[in-house]
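What follows is a single structure, written as structure tokens, with notes after it.
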Amino acid sequence: MLSLVPSKQQEYLNNIIEKGTYKALNAIGIYGNNASGKSNVLNAIELLEKLLYLSARSNSTTKLPYQPFLLRKGYELKPTKLEITFIFDENRYRFGLEYNKNEIVREWFYCWEMMLFERESNIIEVSSEYKGSQELINAAIEATRDNSLFISTCDMLNVAGAKSIFKWFDKLVSINGIETQREEMTTVHLWDHAEYRKKIKEYLMLLNLDLQNLDILVEDIDARRLGNIDKNPSNKLIKEFVQGFKTITVHQTYNEQGNPTTQLMRWDLDEHESEGTKKALHLSGPIIKTLSEGGVLVIDEIEAKMHPMMTINSINLFLNKATNPYGAQIIFATHDTNLLTYCPLRRDQINFVEKNNWQATEIYALSDLKYFDETSERSDINKEKSYFEGRYGAIPALGSFISKLEKWYG
């Protein structure tokens, strides 16, 4: 279970968000060997989001994204279970479901551990605490198909009780840190707002990318230049001109002695900048938006294509109350062990994933580890060194690998 509830450790107390009686961590990092399941942990969050938004809008024959665990006998037919607990408007909600490829087997929604509704197959029991018109709730019960979520059907019919979870997920962004082109659109949309544009520029300057300035230019593109677009009947609604954009970066030029000149060089980001600079621009929008509005940012492979200092600086924005005034949270998976030394993370903010005897992924925090004498890891320990030494698990068994290589080439 991935948890952002802080333990009782007295370290980096500023890394704890407090809202009313609730406390939560502002960041969680996940470490583990390749193929250990780091991405699957984060994918489960995105999968739940997709089920919420898409299940009520699919048709009655659509198969659900069911992938049973095949490596343990007896589990190949077990339903997939997903559950999330979250805070919204100072209320604590718990939503979950179980499903197979054809149907939602169970579904439940609680507030303060008080049942709002429970579902067993096609039997749906709704509490009087579930807000909304009884007529609409009855219509949602009638309209919920075997392969769709009741809460999604409620939202589609504008039942008030369903809105909390959708409003919470509206502020959740999931990103694949290797393929970040999709996130560039968020940055482009924010660029139109002066305050966001200023913050994006400040963020990129913080990363020391040797940029003097940058600009995003929106331009009209003749749709007829896009090939056979007019021959496709589904594109009849596309206008003659569509909008595109181009990001221009500005650099200082230098004379023969290496001194800066008064001349600046402008060029297209996509043509001349490094992959790390491109990723920084792509991520700048989602990062700044999450920090400015609150919410949760989930990034897999956060360090991909970026220098460790860029990764550290980006995470530190979430750890600093001055740059994170609205209690935004970041959940990231990484192989970057520099963060264990140079990023001010609490022990309960450092998580590891490892395969168990059935090759299923298990997740645990550094704060959960106990030694033979029942003592916990010290806060002042060199965590990076200890991780490489194998004290925390979740690393490749390279020793046996090297021994085999020696035999092959010996």
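The values are calculated or read from the model by the stated rules, or taken from the named source; none is laboratory data. Fair warning: this is a prediction, and the values are worked out from it, not measured in the lab. All Cβ positions, even for glycine, are placed from backbone atoms using ideal geometry, and neighbour counts span all protein chains on display. Accessible surface areas use protein heavy atoms only, side chains included; no ligands, DNA or RNA. Shrake-Rupley method; radii C 1.70, N 1.55, O 1.52, S 1.80 Å.
If R0 is 30 Å, the Cβ-Cβ spacing of Thr85 and Asn313 corresponds to a FRET efficiency of close to 0.45. Here's the list of lysines a cross-link from Lys198 could span, going by alpha-carbon distance under 19 Å and ignoring same-chain residues fewer than 8 apart: Lys246, Lys278, Lys279, Lys289. Apply 1/(1 + (r/R0)^6) to the Cβ-Cβ distance of Ile178 and Lys355, taking R0 = 25 Å, and write down the FRET efficiency to the nearest 0.05. FRET efficiency, Ile178 to Lys355: 0.65. For the chain, a Gaussian network of Cα nodes joined below 10 Å ranks Thr277, Thr144, Thr290 by mean-square fluctuation, and the top entry is Thr144.
In this simple spin-label approximation, Asn213 and Asp170 carry label points 7 Å from Cα along the Cα→Cβ vector, and these lie 3.6 nm apart. Each semi-axis of the equivalent ellipsoid for region 144-186 is √(5λ) with λ an eigenvalue of the Cα gyration tensor; in descending order they amount to 29, 13, 8 Å.
Apolar share of the accessible surface for region 4-67: 53 percent from carbon plus sulfur atoms, 1.4 Å probe.
Accessible surface area normalised per residue over the chain is 56 Å², counting heavy atoms of protein chains with a 1.4 Å rolling probe. Within the listed set Thr61, Thr186, Thr361, the Gaussian network model of the chain (springs between alpha-carbon atoms below 10 Å) gives the highest mean-square fluctuation for Thr61. Which of these, Thr249, Thr180, Thr261, has the largest mean-square fluctuation under a Gaussian network model of the chain (Cα springs below 10 Å)? Top of the fluctuation ranking is Thr261. Distances over 24 Å make up what percent of all Cα-Cα pairs in region 1-153? Of all Cα-Cα distances in region 1-153, 45 percent exceed 24 Å. Taken about its Cα centre, the chain carries a charge dipole of roughly 440 debye when the Cβ of each Lys and Arg holds +1 and the Cβ of each Asp and Glu holds -1. Using only the C-alpha atoms, the convex hull of the chain corresponds to 252 Å³ per residue. Stretching Glu125 away from Asn138 to a fully extended chain increases their span by 3.6 nm, per 0.36 nm per residue minus the current alpha-carbon distance. More than 23 angstrom separation, counting every C-alpha pair in region 120-208; what % is that? Tail of the P(r) past 23 Å holds 49 percent of the pairs. Here's how it looks for Leu172: its modeled amide H is under 5 Å from those of Val296, which are all 5 or more places away or on a different chain.
Using 0.36 nm per residue of separation minus the Cα-Cα distance, give me the extension gain between Ser274 and Tyr75 in nm, one decimal.
Details: separation 199, 0.36 × 199 = 71.64 nm, distance 4.56 nm.
Roughly 67.1 nm would be gained on extension.
Label sites at Glu195 and Gln10, each approximated as a point 7 angstrom past Cα along Cα to Cβ, lie 3.9 nm apart.
The helix-only estimate of mean residue ellipticity at 222 nm for the chain, built from DSSP H runs of length n ≥ 4 each weighted as -39500 (n - 2.57), is -8500 deg cm²/dmol after division by the residue total.
Put Trp267, Trp108, Trp168, Trp358 in order of accessible area, highest first, and with a 1.4 Å probe you get Trp358, Trp267, Trp168, Trp108.
Between the listed residues His251, Ser148, Thr262, the Cα displaced farthest toward the positive end of the dipole of the chain, a dipole computed from Cβ unit charges relative to the Cα centre, is found at Ser148.
Subtracting the Cα-Cα distance of Ser376 and Thr262 from their residue separation scaled by 0.36 nm leaves 35.2 nm. May I ask you to list the residues of region 269-287 whose amide nitrogen lies under 18 Å from a point 7 Å from Cα along the Cα→beta-carbon direction of Ile248? Within reach of a label on Ile248: 269-273.
Per-atom-type breakdown for region 163-206 gives carbon and sulfur 53% of the accessible area (1.4 Å probe, protein chains only). Counting only protein heavy atoms and a probe of 1.4 Å, the accessible surface of region 317-368 is 45% carbon and sulfur.
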